[in-house]
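Only one structure is covered here, and it is reproduced in the block below.
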Amino acid sequence: MKIILTGFMGSGKSSVATALGKELSLNVIEMDALVLERTKSKNMAEVFNKGGELLLREWEIILAKEWQSAKNVIISTGGGVVMNKIILDYLKINSGIVIFLDSSFEAISDRIKIGNTPRPLFQDVEIARKLYTFRLPLYKKYADIIIKTDTKKISKIVKEIVVKLK
Ligand code: S3P
């Protein structure tokens, strides 16, 4: 099984990926962590300083291509993968199932504290809200499964995913 978790920044992809990986005995790949490793950066701000958002997007394409034939894996994506259709095309190869963790912007902005997040694209709440509004239809368009998350516990989200996968 190849599962791809998508969703806006702060929608809980990493936590859900870890818990779901345990539940289904699947390895978890964090695309953001791989980008940091490949670009030899400490955090995303450093990636953006080196090559702007474009550097991140280029690495996301390379990684999605590299993992196109992956099996028995959960790929936790960065919130911006929907900006390039080619990334989703690669991720969906080999029966990749795209699960969108659908959080409201209100729930997300409660979780992400402005001024205290290393995310370069979440430094201003109104700019982040515009990005969210722009991307929401894209997350929906590429999703095979949509799970509303908002205030749900991780364990509940995992249970819902397992039911929908059956
Ligand atoms: C981004 C999301 C981040 C990270 C980068 C850009 C985005 O990942 O890839 O800061 O464009 O939404 P998370 O969704 O894991 O925060």
### Task
Straight distance only, please: which aspartates and glutamates reach the Cα of residue 42 with their own Cα at less than 19 Å, same-chain residues fewer than 8 apart left out?
30, 32, 53, 58, 60
### Message
Restricting to DSSP H runs of at least four residues, report the calculated mean residue ellipticity at 222 nm for the chain, -39500 (n - 2.57) per run over all residues, nearest 500 deg cm²/dmol.
### Response
-16500 deg cm²/dmol
## Note on the structure
If each part is reduced to its alpha-carbon centroid, the stretch 7-80 and the stretch 92-166 end up apart, in Å, by 14 Å
## Note on the structure
Among 98, 6, 121, the residue whose Cα sits farthest towards the positive end of the charge dipole of the chain, when +1 is placed on the Cβ of each Lys and Arg and -1 on the Cβ of each Asp and Glu, is 98
### Task
For the stretch 1-156, give the percent of accessible area contributed by carbon and sulfur heavy atoms, probe 1.4 Å, rounded to a whole number.
56 percent
### Cα-Cα over 26 Å, subset of 113/153; 22/113; 92/148; 40/152; 50/141
22/113; 40/152; 50/141
### Task
For the chain, restrict the atom set to alpha-carbon positions and state the Rg and Dmax in Å.
14.9, 43
### Message
With a 1.4 Å probe and all protein chains kept in place, how much accessible area does residue 37 have, in Å² rounded to the nearest 10?
### Response
120 Å²
### Task
Pairs of Cα atoms under 8 Å, at least six residues apart: use those to get the relative contact order of the stretch 1-85, whole percent.
53 percent
#### Entry: Selection of trypsin sites (Lys or Arg not before Pro), the stretch 1-82, meeting DSSP coil and at most 15 other Cβ within 10 Å
40, 42, 71
### Label point 7 Å beyond Cα of residue 105 along Cβ direction - residues of the stretch 71-93 with amide nitrogen under 19 Å
79-83
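The values are calculated or read from the model by the stated rules, or taken from the named source; none is laboratory data. Since we're looking at a predicted model, the values are computed, not measured. All Cβ positions, even for glycine, are placed from backbone atoms using ideal geometry, and neighbour counts span all protein chains on display. To get the accessible areas, we keep the full protein, side chains included, count just its heavy atoms, and leave off ligands, DNA and RNA. Shrake-Rupley method; radii C 1.70, N 1.55, O 1.52, S 1.80 Å.
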